[in-house]
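Working notes, structure below.
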Amino acid sequence: LDFFDLSLNEAGRFAVGGVTLSFGPDRAAASLFGLMASGGKLNFEVEAYRSTDQGLQLVDEYLFEDAFATREEIAAGSHGFGFAFDRLAQRHTEHDAKGSKSAVTAYGWDLAADASASLDSSASYLTK
């Protein structure tokens, strides 16, 4: 995840500047380019972890639904793609000093309906 822009405008509505993801020179870039060229949509998830003595712990999780690629950027062996999307959700997991989960904060928003949304049950985010 290179860039994610979400803010409130003067009317109190969410304003989204989009999201940008970067990939190395692998087949994901070619697949995303094909999807962009065809006008197809996809759902994707981005996760952020922290490294601890017990291993990796999930800290942030971003879910994007009905996303479509709006641009491709190529530089020095990497591919970046910009996306627009209809729905998003974000979960933040807090951990106590011993590394146990202590709290989870989550929100979701449907931009088209300008209403809250839950993407928690979406099977389209299962890892393949």
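The values are calculated or read from the model by the stated rules, or taken from the named source; none is laboratory data. The model shown is predicted, which means the values in this text are computed figures rather than measured ones. Using ideal geometry, Cβ is built from the backbone for each residue, glycine included, and neighbour counts are taken over all protein chains shown. The area values use the complete protein model at the heavy-atom level, side chains included, leaving out ligands, DNA and RNA. Shrake-Rupley method; radii C 1.70, N 1.55, O 1.52, S 1.80 Å.
Elements of the type strands (runs of 3 or more DSSP E) sitting completely within the stretch 49-112 and holding at least 2 residues that are under 24 Å from Pro25 (Cα atoms): these cover 55-75, 78-84. So which residues in the stretch 10-21 are open to solvent by 60 Å² or more (accessible area, probe 1.4 Å) and touching a residue at least 24 places away in the same chain (Cβ under 8 Å), if there are any at all? The answer is Arg13, Phe14. Ser31 meets each of the listed conditions (1) of a type in the set (Ser, Thr, Tyr); (2) free of Cβ contacts under 8 Å to residues at least 60 places away in the same chain; (3) in a strand (DSSP E or B) apart from (3).
Could you run through the stretch 29-45 and say how many residues are polar (S, T, N, Q) and in contact with a strand residue (DSSP E or B) (Cβ under 6 Å, 6 or more places away or on another chain)? The total comes to 1.
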